[in-house]
1. Can you give me the number of residues within region 1-25 that are part of a loop (DSSP other than H, G, I, E, B) and more than 16 Å from the chain's Cα centre (by Cα)?
2. Hey, can you tell me all the residues within region 35-53 that are exposed (fewer than 11 other Cβ atoms within 10 Å of the Cβ), within 22 Å of ALA11 (Cα to Cα) and modelled with pLDDT of 85 or more?
3. Against the definition (at pLDDT 85 or above and surrounded by 10 or more Cβ atoms within 10 Å (Cβ to Cβ)), how does LEU59 come out, yes or no?
4. Would you mind stating whether GLY29 is closer than 23 Å to ASP5 by Cα, of a type outside the set (Lys, Arg) and in contact (Cβ under 8 Å) with a residue 24 or more places away in the chain?
5. Give me a count of the residues in region 23-34 that are modelled with pLDDT under 85 and within 21 Å of ALA11 (Cβ to Cβ).
Amino acid sequence: MMLPDGENVLAEERFFIINTDDSDIDRSGWSDNEKGVIRDHYWWSLEELKQTNEIIFPLDLIINILEGFTST
C-alpha cells in the first residue's frame, strides 16, 4: 500500500470476526500515524459487503469466511 507520504510498503493485515452491541471505536490510544492513515471505520453487514461498489480486497474470501461463520 502507499502511505500518505508516497512511500510504498508491504502490509500484513489481519481480520477478526466479532459480535458486539457497541459499534463505537476508542481512538484515544492510536498513534499519530494511525490517525493519519485510518480516516474512518465502518462496520459492515454481510449483505452490505455483497452489495457494495467499494473496493474491498479480497472480497470473495471475506464473504466466504463470513458465510461460513454465520452458518455455524
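The values are calculated or read from the model by the stated rules, or taken from the named source; none is laboratory data. Quick caveat, the model's predicted, so the values are computed rather than measured. No Cβ is skipped: glycine too gets one built from the backbone with ideal geometry, and neighbour counts run over all protein chains shown.
1. Step one: of region 1-25, the residues part of a loop (DSSP other than H, G, I, E, B) are 1, 3-7, 9-25.
If we keep only those that are more than 16 Å from the chain's Cα centre (by Cα) too, we end up with 3-7, 9-10, 21-22.
So the count comes out to 9.
2. LYS35, the sole residue that qualifies.
3. Working: at pLDDT 85 or above: no; surrounded by 10 or more Cβ atoms within 10 Å (Cβ to Cβ): yes.
Considered against the rule, which asks whether it is at pLDDT 85 or above and surrounded by 10 or more Cβ atoms within 10 Å (Cβ to Cβ), LEU59 comes out as no.
4. It is false that GLY29 is closer than 23 Å to ASP5 by Cα, of a type outside the set (Lys, Arg) and in contact (Cβ under 8 Å) with a residue 24 or more places away in the chain.
5. Adding up the residues that qualify gives 1.
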